[in-house]
Structures are given as C-alpha cells and as structure tokens.
Amino acid sequence: MTEEEYAKHKPYAGEARPSMHRRRIGHDYTSRRMYLITITIEGRRPLLGRLIGDDGTTSPQGSGSGRLQGSGTAAAQPTHNEEGTAASVSPCAASVSSGAASVPQVGCTAAVLQPPLPSPPAFDPQKVTAFVEPTPFGRRVIEEWHAVTAHHPEVAVIAFQLMPDHIHGILFIQQAMEQHLGAIIRGFKTSTNKAYRQFILKQQPADSTSSPLPSAPVPPSASVPPSTPVPPSQLGVGCAAAVPQPPPPPRRDRRGERAAAPLCWSYGYNDHILSGEGELAAWRQYIADNPRRLYIRRRFPDLFRVSFNITIGPFTCTAIGNRFLLTHPLIRQVQCSTHYYEEDILKAVSGYMAAAKAGAVLVSPAISDGEKRTMRTAFDASLPQIFISPNGLGDYSKPGGAYFDACAEGRLLILSPFPKQNRKVKLTRAMCMQMNELARLIAEGAARDSGGPQQGGSPQQGSPQQSSGTAAAQPTHGERGANTGGTAAT
C-alpha cells in the first residue's frame, strides 16, 4: 500500500491494532532489498520437527543425561539461593506452572529473602546445544524453501531455520521484480500445502514425483542422534512424527465464512527489512540460535512466560524474567541527571556498582547517559537488575541476545507499564516521569510490601496482542526513541 492509499483509507480504518502481518507503508516490495521472513503453522502445531538438546547437567527427568526431547516441559526444580542451597518458600507461593522458578499467586506472600536462581549453579546457557530434527513434512518444507531460487532466479536464499511450529528465512531480492514479495511467499505456501496434504492429512497426490530430502545431519555436539528411538514417556507434543496431530482450528476467510479445507500455514507472514549495517549478521545469529533459545525456554518456562496485569502501586505492568527480583529486600533506583558532567557520571556509576556488588538489585528505565552506563556496566558484570521498558510485552514476546541468557540465569526482569507496540516508541517526558515513578515505588518495596507482584494469568481485556510473536522489549539502557521491539521469534 502506498502512502497515498494509506492516507485515503485511514479515516475509515478505525483504531490501529498491533499486527505482525502488516506491511510497511510506502515500501516497494518489488525492489532490491533483503528480508527476514517468519511464517507460522496454523494453530502453532509442531508439525515440522522435534527439538533435541543437551545442557550438560543432570536430566530433570532423572535419566542423568540432561537431554530434552520433544516439547515436554522439564519437571519442577527446587529453587536455589545465591549460595546454591535450597531456599524455603511458603506453601501459598504456588507455582504458576512447572518450571525452575516458583511464582507467587495473588494474595500470597512468599517467604523468600533472596531472589532464587532459576537453576543449580552447574547450568550455563552458553553450554546448551540444541537442534531441530525435521519430520518428513519438515524436510519437504526445507526443500521447497531452497527451491524458491529455481522459480525466481532474482531471489537468493541467504539463510533458513526450521523450528517445530514455524520457519525463519532470509531472502535477498537481487534485482527489481515484477511480482510483490507476497507472491513468492504465496507460491511457497502453495507448494508446501501439497506436502501437508500428503504427509499430515495422508492424501496421496496422484502426480507426486518429488521425494523428501535426506535426513538432516546431526550436529557433533548433539548427544542423541535423530535415528535413536524415543521412549513413549519422553514424547511431547513437539514430536510431530510420533504423536497424532489434532486438526487445526476451523479456518475462515476474510468474510468470516468457513474455508473449504484446513490448510497448513497461518494467514500472512511477518517480514523485517534490512536497514542498517550489521543487521544481517544479527539476523543470522538470531535464527541460528533459535533451537538453543527454545530449549532453554522449555527448561525454565516460568522465566520466559510473559506475565500480565502485574500491579505495583497505581501501575499495571507486563513483565518477563525473574519476578522474584521485585521481592528482593534491597533494591536501588538508578537515577542520574541529564546535566551530569563526565566526572559526575563516573562517580555515580562507581557508587551504584558498589551497591550492586554488596547485594542490591538495580532498577531503572535507563534514560540519561549516566543511567545507561550504570545499567550497562552492571549487566556486563552479571549483576541482577530490573529494566523498565517504554514498550510493553505481548503473548510471544521474549528477550533477545545476551538478555535472553540473563533471564535464563535469573538476573534480569524486564517490566513495562505501557501497552505493546509493534513500532518505534517515541519517548516523551510524561513517559519518562511514569517510568521513574515506577522505579521509585519498586525501590521503596511497593511490590514486596504488598505480598509480591500481584498478577493475573491473562492479558487485560482489549489489550493489544501479537499475532505471530516478537522479541521482548530489550534493555536498550535508555536510548531515546529506540524501538525496543525485535524480530519475530520462536
């Protein structure tokens, strides 16, 4: 849609809602550009493959191997304090779901004096190895994605990552095309829908002559070869090849009428347009790291489940990460004036770092230069912190890069009092004042004194949600006007 068409239709469009399937207004999708594409399976069914990983620790199922197969969630782990010994939690601090960290329910007080770590000290997120073993249908999807270049010579496939219920791919449009990028995605979906009917719906095509790709190679770091049979007790809903898959929810067209037959892919696709130096390398790293990140999220689900309706004073927030940081007995607000000189900033950083090393949890929206440098220095030193973000979180939000590992280690909480936006957030003075006030309340123990963060189990009615998932608002450490959203994720 051109900018003129958008301006013409905008008065009749109603209130804008966040959507991961919306194209960039005014962008020419036939021009020479590079795109990161994400396409999800209808109903997020794990039809494409099975996750296999190893974290090198004792297996939560007791097999002694530390392996996770399928999508079964690891059994609940005892919480640990900073010395690695078991920490006591009151009976009312019931866990929201099985996982490494117990989350207090509304109205309960957790008897926790130190923020419990999500795992025993032996766990190291950087040592986790994981990959996705494709199903026969997943192998055909891989084949069809790489066949895009045969149908469209002007398109180059740069990278691809298969996940159990979605795919990521990087496409390079090397020269101007006659067709829209959407036409290429539509052709890919059409060809893979034939394989879906063959492998999943068991409808053998009469003219099918194509054969699936050979089995995907097993990474040397993987402990379990894909050919090893998996006991039924270890099979999860992610084992698409072994567990019968339920039909997808009824599909309806834009008029609301029921579609003639269930299809494989969700409507539309998500795209990100390459726009900056170094972004391609970040894209490659992001999609290659997806299996490891998914393994860690399944290993410690509570640390990566977005919490909605967390009430702290007058604020209703969304959060992801270690919510026990809100109940820490010593929380220090990081606040530095924008008028600080360099010597003032160095003095402030030194003072806050001394407090953090003495056991305090730092909290800040990291707006000024001094606040940014303090939070960055503490983060690089692996000290716990609460980052208040100007962008809210949706159902599928998650932290990226080093912030993901910090959440897995239990030393980061990302909190926001604002709704989720799938666009750049322009920081205003009013927003800065609200975030600083929230940081002050947290530092004064508002969450701790009220019996822990009170939260509901689902988003507020009418709150904007994502359709295919974005990365969580990242701790940008106060960069004004930064877009704290990220790429579509697992």
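Which of the residues that make up the range 133-157 are outside any helix (DSSP H, G or I) and open to solvent by less than 50 Å² (accessible area, probe 1.4 Å)? Talk me through it step by step, then tell me what you get.
Filtering the range 133-157 down to residues outside any helix (DSSP H, G or I) leaves 133-135, 147, 152-157.
Matches in the range 133-157: GLU133, PRO134, THR135, ALA147, HIS152, GLU154, VAL155, ALA156, VAL157.
Only one of ASP271, ASP344 is open to solvent by 50 Å² or more (accessible area, probe 1.4 Å) and touching a residue at least 12 places away in the same chain (Cβ under 8 Å). Can you tell me which?
The unique qualifying residue is ASP344.
If you scan the range 344-366, which residues turn out to be touching a helix residue (DSSP H, G or I) at 6+ places or on another chain (Cβ under 8 Å), of a type outside the set (A, V, I, L, M) and farther than 15 Å from ARG411 by Cα? Outline the logic, then answer.
Our first condition is that a residue be touching a helix residue (DSSP H, G or I) at 6+ places or on another chain (Cβ under 8 Å); within the range 344-366, this holds for 344-345, 348-349, 352-353, 356, 361-366.
Now restrict to residues that are of a type outside the set (A, V, I, L, M): 344, 352, 364-365.
Selection gives ASP344, TYR352, PRO365.
Can you pull out every residue in the range 314-323 that is open to solvent by 30 Å² or more (accessible area, probe 1.4 Å) and not β-branched (Val, Ile, Thr)?
PRO314
What residue, of THR374, THR311, is open to solvent by 30 Å² or more (accessible area, probe 1.4 Å) and either assigned to a helix (DSSP H, G or I) or closer than 23 Å to MET431 by Cβ (or both)?
THR311
Any idea how many residues of the range 428-452 are surrounded by 20 or more Cβ atoms within 10 Å (Cβ to Cβ) and either part of a loop (DSSP other than H, G, I, E, B) or within 18 Å of the chain's Cα centre (by Cα) (or both)?
The number of residues fulfilling the criteria is 1.
When PHE404 is evaluated against the numbered criteria (1) open to solvent by 10 Å² or more (accessible area, probe 1.4 Å); (2) assigned to a helix (DSSP H, G or I); (3) within 19 Å of ASP302 (Cα to Cα), which criterion, by number, is the only one it fails?
Of (1) open to solvent by 10 Å² or more (accessible area, probe 1.4 Å); (2) assigned to a helix (DSSP H, G or I); (3) within 19 Å of ASP302 (Cα to Cα), only one is false for PHE404: (1).
For residues that are open to solvent by 10 Å² or more (accessible area, probe 1.4 Å) and outside any helix (DSSP H, G or I), scanning just the range 347-371, find the one that is nearest to VAL334 (Cα to Cα).
Within the range 347-371, the match that is nearest to VAL334 (Cα to Cα) is ILE367.
Given the criterion touching a strand residue (DSSP E or B) at 6+ places or on another chain (Cβ under 7 Å) and not polar (S, T, N, Q), identify the matching residue among GLY370, GLY351, GLY321.
Just a single option satisfies the conditions, and that option is GLY321.
Within the range 324-333, is even one residue in contact (Cβ under 8 Å) with a residue 40 or more places away in the chain, touching a His at 6+ places or on another chain (Cβ under 6 Å) and crowded, with 24+ Cβ neighbours inside 10 Å?
No, the range 324-333 contains no residue that is in contact (Cβ under 8 Å) with a residue 40 or more places away in the chain, touching a His at 6+ places or on another chain (Cβ under 6 Å) and crowded, with 24+ Cβ neighbours inside 10 Å.
Given the condition at pLDDT below 90, surrounded by 14 or more Cβ atoms within 10 Å (Cβ to Cβ) and of a type in the set (Val, Ile, Thr), answer yes or no: does some residue in the range 283-291 qualify?
For the range 283-291, residues at pLDDT below 90, surrounded by 14 or more Cβ atoms within 10 Å (Cβ to Cβ) and of a type in the set (Val, Ile, Thr): absent.
Run MET177 past the list (1) open to solvent by 40 Å² or more (accessible area, probe 1.4 Å); (2) assigned to a loop (DSSP other than H, G, I, E, B) and report the number of the one that doesn't hold.
(1)
The values are calculated or read from the model by the stated rules, or taken from the named source; none is laboratory data. Predicted model, so just to flag it, every value in this text is computed and none were measured. A quick note on method: Cβ atoms are made from the backbone with ideal geometry, for glycine too, and the neighbour counts reach across all protein chains shown. In case anyone asks, the SASA skips ligands and DNA or RNA and just uses the protein heavy atoms, side chains included. Shrake-Rupley method; radii C 1.70, N 1.55, O 1.52, S 1.80 Å.
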